Amino acid sequence: LRDAEIDAYGVDINQVVVDRCQARGLDVRAGDALVHLREVPEGSVRAVTSFHLVEHLSLDTLIGLIDAALLALKPEGLLILETPNPSNLNVGASSFYLDPTHIKPVHPQFLQFLLESRGFADVEVRYLHPEDVPRLEAEDLAGHHDDPSRAQALVDRINWALAGPLDYAVLARKAPPVAG
């Protein structure tokens with residue numbers, strides 16, 4: 001963002017991360033994201049991004065973060081929340097738990113629901129970071145000749161569950177003011 005001449009800064013609770021970012025010339029401040037969002041003037045921020053944070057939060061804190069972001073954002077401001085994709089079974093049942101600070105996986109449909117129910121508009125889920133692993137093909141299944149579309153549907157579900165995107169992001173906008 002700096003290179004594009006867009007005013008931006010980061011907030012992180014981990015001082016080691018803050019120090020590393022500052023050493024690279026980035027504007028990063030030590031602090032708690034929720035506390036920080038509650039301190040910025042209402043309607044003053046064009047975008048709020050959060051990468052791999054929501055899975056570390058309790059439900060109450062996550063709702064607080066969403067509400068604080070909604071207040072901080074300008075009308076039509078953008079919120080982006082990226083988190084591990086638990087609908088990939090390797091992530092949701094295994095690699096997610098390699099980080100002992102993760103509280104629980106957050107399903108994309110649930111995060112979408114939370115954003116919509118707290119007042120965000122134009123909520124969109126984008127799946128990110130596909131794994132580069134071999135995929136199953138319908139021809140790999142015995143008996144696929146009876147109903148090729150059924151075999152393909154099964155293969156698609158297996159591939160999604162075992163080799164789907166590792167992460168997802170939810171993008172949402174603060175609704176514009178109602179003309180009146």
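Between TYR9 and ASP27, residue separation times 0.36 nm minus the direct Cα-Cα distance comes to 6.0 nm. Contact order normalised by length for the stretch 20-129, with contacts defined as Cα pairs under 8 Å and 6 or more residues apart; what percent is it? Relative contact order for the stretch 20-129 comes out at 26 percent. The angle separating the long axis of helix 108-117 from the principal Cα axis of greatest extent in the chain is about 40 degrees. Under a Gaussian network description of the chain, with springs only between Cα atoms under 10 Å, the residue in ARG29, ARG118, ARG150 that fluctuates furthest is ARG150. Placing a pseudo-label 7 Å from each Cα along the Cα-to-Cβ vector at ALA121 and LYS104 gives an inter-label distance of 3.2 nm. In sequence order, the stretch 9-16 has phi-based couplings of 8, x, 10, 9, 7, 8, 4, 4 Hz under the Karplus curve 6.51 cos²θ - 1.76 cosθ + 1.60, θ = phi - 60°, and Gly or Pro positions carry x. Of all accessible surface on the chain at a 1.4 Å probe, what whole percent is carbon and sulfur? The C+S portion of the solvent-accessible surface of the chain is 54 percent. Accessible area per residue for the chain is 63 Å², calculated with a 1.4 Å probe on protein heavy atoms, without ligands, DNA or RNA.
Across the stretch 32-37, rounded Karplus estimates of 3J(HN,Hα) from the backbone phi angles (6.51 cos²θ - 1.76 cosθ + 1.60, θ = phi - 60°) give 8, 4, 5, 4, 4, 4 Hz, Gly and Pro being marked x.
Taking label points 7 Å from Cα along the Cα-to-Cβ direction, VAL17 and THR49 give a separation of 1.3 nm.
The values are calculated or read from the model by the stated rules, or taken from the named source; none is laboratory data. Fair warning: this is a prediction, and the values are worked out from it, not measured in the lab. In this analysis, Cβ positions are derived from the backbone assuming ideal geometry, glycine residues included, and neighbour counts consider all displayed protein chains. The accessibility values were calculated without ligands, DNA or RNA, using every heavy atom of the protein model including side chains. Shrake-Rupley method; radii C 1.70, N 1.55, O 1.52, S 1.80 Å.
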